[in-house]
1. Tell me the residue from 140, 188, 131 that is within 16 Å of the ligand (Cβ to nearest atom) and surrounded by fewer than 19 Cβ atoms within 10 Å (Cβ to Cβ), please.
2. Here are some conditions: (1) more than 15 Å from the ligand (Cβ to nearest atom); (2) in contact with a strand residue (DSSP E or B) (Cβ under 7 Å, 6 or more places away or on another chain); (3) free of Cβ contacts under 8 Å to residues at least 60 places away in the same chain; (4) more than 17 Å from residue 192 (Cβ to Cβ). Residue 181 meets all but one. Which one does it not meet?
3. Examine the stretch 73-90 for a residue that is within 16 Å of the ligand (Cβ to nearest atom) and assigned to a loop (DSSP other than H, G, I, E, B), and state whether such a residue exists.
4. Note down all Cβ pairs under 6 Å where the first residue falls in the stretch 116-128 and is within 28 Å of residue 153 (Cβ to Cβ) and at pLDDT 90 or above, the second is within 7 Å of the ligand (Cβ to nearest atom) and assigned to a helix (DSSP H, G or I), and they're at least six residues apart or on different chains.
5. Please count how many residues of the stretch 156-178 are in contact with a strand residue (DSSP E or B) (Cβ under 7 Å, 6 or more places away or on another chain), more than 22 Å from residue 306 (Cα to Cα) and crowded, with 21+ Cβ neighbours inside 10 Å.
6. Please verify whether the stretch 60-71 includes one or more residues that are under 24 Å from residue 395 (Cα atoms), in contact with a helix residue (DSSP H, G or I) (Cβ under 7 Å, 6 or more places away or on another chain) and part of a helix (DSSP H, G or I).
7. Within the stretch 355-366, does at least one residue satisfy the condition of being farther than 19 Å from residue 266 by Cα, without any contact (Cβ under 8 Å) to a residue 12 or more places away in the chain and either crowded, with 20+ Cβ neighbours inside 10 Å or within 16 Å of the ligand (Cβ to nearest atom) (or both)?
8. Looking at the stretch 206-228, which of its residues are in contact with a helix residue (DSSP H, G or I) (Cβ under 6 Å, 6 or more places away or on another chain) and in a strand (DSSP E or B)?
Ligand code: EPZ
């Protein structure tokens, strides 16, 4: 198990380029199954989750490899239509391959995506929608088997919750379905819009991405496209939190302002300043942060659940009390244990965490339990006096590309062991 050793108490300075968005790259890699010919994905982050997705594509018979900073996928050779249990277990978001496989081959078999560290991760909304499009789905012994021998039919799908994954699976199933599909209460995350931009570049006809209603006119032949993946808004929020918690000023390159419209005001509440100029963000923090008051995670464009942990890391040193309400996932406070070991004062009641700011944090040996929790522990360690050892860095590497190199380039003392 690899670990980070962080020597905190140092200011950050300089500028950093924000990596491509993991949660855009993953569904777009699945979408390449639906195209004929070669796809070129630029700004694709090199992460363990991206690597796992490329291994799934190669297992299915596709060509998928990285060459001089781009990921190249050609799915003409696809000949399998199941995803082995080992690959499914490695990355629960492999469920996004379901819709694409079903649309391409009329059959898909994969094991139920294991619950993950955030609590149960049901896929009832995915399966209900695919059944409405004509798929015959059996769920037995933890295996999902889907058939649509006569192809899928477009349908009107009402989502009871704007699930990101369900919205993606429906879009991927619908682009080859016969007739139009309308998704009501679709997820509006920027990664959904990026997926639809890629599909439209490949020849699809999708309208309304980023809005609550998305219409997909199915039945189009799709051809390989080249696409620039959007920057990762959660990595941007993590770097901002790192500057906030160390009272630093940094410049972030490749940040899309409106992707952070719910995050910036929380930092401004604490006294931080965020100035955008053409794709760059100049972010500066006061010596002592004021409290964040109340942060409630909501579907986009509300405050993103993926940024909850990393902002809580900064809240530990705010002057006053900050309250976090986690409305999306059942169990997304696993980072509280590690933050508390660093000296934070946090009280969790169900889905609410009350953070009373403390004067300072102290180094300790701590362990990450999930991806964004790991990022929160690294963020807090930057402000902790003396040395912190963070175990479970495999979680971090699912979503943060060479993160110790990135932080070191900003002046932090972070070593990977
Ligand atoms: C995506 O997960 C992201 N993952 C998550 O990011 C992110 O936290 C989440 O969206 C919310 O924004 C990827 O894009 C790969 P959901 P997803 O379906 O699709 C419930 C990270 O850190 N639900 O919107 O799984 C579900 O249990 C990861 O990068 C159902 O009940 O999220 C959860 O409570 C973590 N039934 C809520 O909806 C369903 O059929 C949100 O899930 C589907 C979801």
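1. 131
2. Result: residue 181 fails condition (4) only.
3. No.
4. Every condition considered, the pairs that remain are 125/166; 126/166.
5. Here the count works out to 6.
6. There is no residue in the stretch 60-71 that is under 24 Å from residue 395 (Cα atoms), in contact with a helix residue (DSSP H, G or I) (Cβ under 7 Å, 6 or more places away or on another chain) and part of a helix (DSSP H, G or I).
7. Looking through the stretch 355-366, none of the residues is farther than 19 Å from residue 266 by Cα, without any contact (Cβ under 8 Å) to a residue 12 or more places away in the chain and either crowded, with 20+ Cβ neighbours inside 10 Å or within 16 Å of the ligand (Cβ to nearest atom) (or both).
8. 206, 216, 222, 227
The values are calculated or read from the model by the stated rules, or taken from the named source; none is laboratory data. The structure displayed is predicted, hence computed values, not measured ones. Neighbour counts run over all protein chains shown; Cβ positions are idealised from the backbone, glycine included.
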